[in-house]
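One structure below.
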Amino acid sequence: MIELSAAELRRLLDGVGRDLADFLALASDRVRRHLPDHAEPVVGALARVLAVPASGSTRQAS
């Protein structure tokens, strides 16, 4: 069993969300460079699979 406070769990989940958004931003840049004709559908699919917004911003204000 792992015991975490609600605040600690929230902090960890926020970190995961930031990491996924950062990964999507990096992957999006690479896709746009190497598959420019297919970039939007591929980036959209990645965003859906990762469950993060496909916007240009990778970080949300906190």
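Every number here is computed from the coordinates shown, using simple stated rules; none is lab data. The shown structure was predicted, so the numbers you read here are calculated from the model rather than taken from an experiment. Because the Cβ atoms are built from the backbone with ideal geometry, glycine has one as well, and the counts that use them run over all protein chains shown.
Principal axis analysis of the Cα atoms in the chain yields extents of 47, 26, 14 Å, listed in decreasing size.
Please list 20-30, 36-46 highest first by mean number of surrounding beta-carbon atoms within 10 Å per residue. Provide the component values of the computation, followed by the final result.
Working: 20-30: 15.6, 36-46: 13.2.
With the highest mean Cβ count within 10 Å placed first, the list reads 20-30, 36-46.
Using only helices, what value at 222 nm comes out for the chain when you add -39,500 (n - 2.57) per DSSP H run of length 4 or more and divide by the total residues, to the nearest 500 deg cm²/dmol? Per the formula, -23000 deg cm²/dmol.
In debye, nearest 20, what is the charge dipole magnitude of the chain about its Cα centre with +1 on Lys and Arg Cβ and -1 on Asp and Glu Cβ, if you could check?
Values: 8 positive and 8 negative charges, 27 e Å.
That gives a dipole near 120 debye.
The residue among LEU50, ALA25, LEU35 whose Cα reaches farthest toward the positive pole of the charge dipole of the chain, with charges on the beta-carbon of Lys, Arg, Asp and Glu, is LEU35.
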